[in-house]
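What follows is calculated from the coordinates using simple rules that are stated; it is not laboratory data. It should be emphasised that the depicted structure is a prediction, and the values quoted were computed from it without experimental measurement. Because the Cβ atoms are built from the backbone with ideal geometry, glycine has one as well, and the counts that use them run over all protein chains shown.
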Amino acid sequence: MKNVIVEETTAKIRGNRCGHDKHFPVLSPICYTPPEKLPQILKDAIDKVNTYYKSPEILDDIRYGRYSPRQVHHRQMPPITHRKVRSEKREAICRILKLFLANTDLTSCRFGLPLYKKHAFLVFDLHWVADKTGLSYYRVCRAIRDLKHAKLISTTERSEVEKTLDTLQFRSRTAIRVIQKKLFLALGISKRRYENERKQAYARQQKKIDNAGGKKIKGYLEMKGHTGRRKQEPRYYKNYQKKGNNNIREQILKRRLQLSLDPLLEHLSYEERQRIITDRLMSELIN
């Protein structure tokens with residue numbers, strides 16, 4: 001009888017059996033230690049993140065839960081519920097925000113690290129975030145989705161075009177995530193201090209660029225995590241997206257449709273038409 005009572009009490013403490021204890025939460029990334037040399041504004045923001053767990057009103061936009069997109073569409077429910085966010089999600093958000101702030105380039109507020117000698121910017125994917133925070137991949141995705149809905153983090157997707165024998169293939173690359181000014185203001189940092197710290201960070205960056213040869217950062221390096229996949233090293237990918245061109249896939253599909261309406265290609269077979277259209281598209285992309 002005593003054994004049964006012990007099992008019931010531990011089940012209540014453990015919650016949904018994920019190892020979470022709401023009375024003794026783990027609010028820092030488990031497999032990551034932040035660097036000692038960080039701008040003071042990032043250190044203050046990291047320290048302030050802990051208060052969100054017990055006082056979620058400081059980030060009012062993610063104070064309450066959200067219905068799933070399927071429930072909103074089929075059941076005609078409002079996107080935001082009146083139920084507060086569970087302690088498991090608050091713990092995950094604290095870990096992720098600390099990891100993001102510790103790896104933020106203050107000049108552009110991008111999540112990643114600039115490599116001045118390689119003239120590239122190192123970005124981290126969500127598998128790497130899951131490895132360092134000790135959370136599951138899907139819990140990380142759900143937490144970042146809420147941060148995006150609250151407009152505390154913005155995401156810019158990237159893709160790469162590769163030509164095969166007859167078709168074009170689109171390969172997705174690690175997205176660029178930017179921490180918005182709204183997050184710093186919610187964590188108690190004034191607008192004036194935020195702007196001054198970014199100006200000082202920009203001056204420090206120019207000195208590092210001059211010491212590295214004066215070349216600006218071009219392209220991206222990707223650091224992929226090991227959650228659910230084999231071990232991989234950082235690989236260099238050329239950034240095909242130009243400034244203001246985030247919908248490259250849609251533009252190529254529209255251009256492909258325009259080329260397919262050429263009357264000079266009507267007498268050709270389907271395979272020959274596709275080959276000619278692909279060659280024209282690749283020549284336009286290269287030029």
Spin-label pair Gln258/Asp279, simplified geometry with 7 Å Cα→Cβ offset, distance in nm: 2.1 nm
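Full extension from Tyr270 to Gln40: what is 0.36 nm times the residue separation minus their Cα-Cα distance, to one decimal in nm?
On the way: separation 230, 0.36 × 230 = 82.80 nm, distance 6.20 nm.
Extending this stretch completely gives an extra 76.6 nm.
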Residues with amide H under 5 Å from that of Leu221, placed H, sequence gap 5 or more: Phe121, Leu122, Val123
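Suppose the chain between Ile58 and Ser172 were pulled fully straight at 0.36 nm per residue; how much longer would it get relative to their current alpha carbon spacing? Walk me through the intermediate numbers first.
Values: separation 114, 0.36 × 114 = 41.04 nm, distance 3.49 nm.
Additional length available on full extension: 37.5 nm.
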Ranked by how many other beta carbons lie within 10 Å on average, peptides 115-122, 155-162, 263-270 from highest: 115-122, 155-162, 263-270
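In the calculated pair distance distribution of the range 247-287, what percentage of Cα-Cα distances lie above 11 Å?
Numbers: 530 of 820 pairs.
Value for the range 247-287 (Cα pairs over 11 Å): 65 percent.
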Per-pair calculated FRET efficiency, R0 = 25 Å: Leu113 and Arg145 via Cβ, rounded to 0.05: 0.55
